[in-house]
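What follows draws every value from the coordinates through simple rules; no lab data is involved. Being a predicted model, the structure only gives us computed values, none of them experimental. Glycine gets a Cβ as well: all are built from the backbone with ideal geometry, and neighbour counts include every protein chain shown.
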Amino acid sequence: MKSLKSDELKLQMNRLRERIRSDKEQLTKLEHELDVVIEQERERQSYINSKEIAQTIEKSTGKSVDMSTIKRWADKGYLGVIYDEREKFSALDVGSGKQRNVFERTAVLRFLLERQYIRPAFEVLDLVRAHKLPGQPIATIISQKLGPDGFEYAIQLESDTEILEKMREEELESCL
């Protein structure tokens, strides 16, 4: 004759196994969703929306640009391909309300540079402090170019004449 206690324990074990199986499925699903969100966050950094365009112009030149001007540029094709942010980045929380367009950052930055709406923070031969490097060495700008995320600089350190490439504006500050 079976013990009532053993039947009860077997039932509890079966319930626990089912809960573990269900939790494993949920964990797998959440891990997949996280991977998608991380990938879309990484990809989103290669795009810029109208508000970010206006902020970039204001930061670089001090000028403010109306959203209607940016919309006109987009309509004329100056900013490249127009993407709906909610469609392109469906896994990200992009808010609700008006449609938000995003554009490829490199195309927009090229256009803004051609039209002189942005300019580099530093010129060739400017002295800068590389505040992100150990010891915050002083360096001279030896070249500049527009990279995919903004201006990039090659600098030559004063201490040992080493040349560092692809330094971003955020990594440098003026010595003046």
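Observations on the structure shown:
- Cα gyration tensor, the chain - rounded (a/c under 1.5), prolate or oblate: oblate
- For the chain, the longest principal axis of the C-alpha atoms and the axis of helix 105-114 are separated by about 10°.
- Each of Leu9, Leu113 has some number of other Cβ atoms within 10 Å of its Cβ, and from fewest to most they run Leu9, Leu113.
- Under 5 Å between amide hydrogens, built in the peptide plane, is the criterion, and for Phe151 it picks out Glu169 among residues at least 5 positions away or on other chains.
- Length-normalised contact order of the range 21-90 in % [C-alpha pairs under 8 Å, at least 6 apart]: 22 percent
- Under Karplus coefficients 6.51, -1.76 and 1.60, residue-wise ³J(HN,Hα) of the range 59-70 in Hz, glycine/proline x: 5, 7, 10, x, 8, 9, 10, 5, 4, 5, 5, 5
- Helix 4-44 axis versus longest C-alpha principal axis of the chain: approximately 10°, rounded to the nearest ten.
- Subset of Lys51/Lys132; Lys71/Lys132; Lys29/Lys71; Lys76/Lys132; Lys29/Lys166; Lys29/Lys132 violating a 31 Å alpha-carbon distance limit: Lys71/Lys132; Lys29/Lys71; Lys76/Lys132; Lys29/Lys166; Lys29/Lys132
- Given charges at beta-carbon only (K, R positive; D, E negative), |dipole| of the chain in Debye: 940 debye
- Semi-axis lengths, Å, the range 46-114, gyration tensor of Cα atoms, sqrt of 5 times eigenvalues: 20, 13, 11
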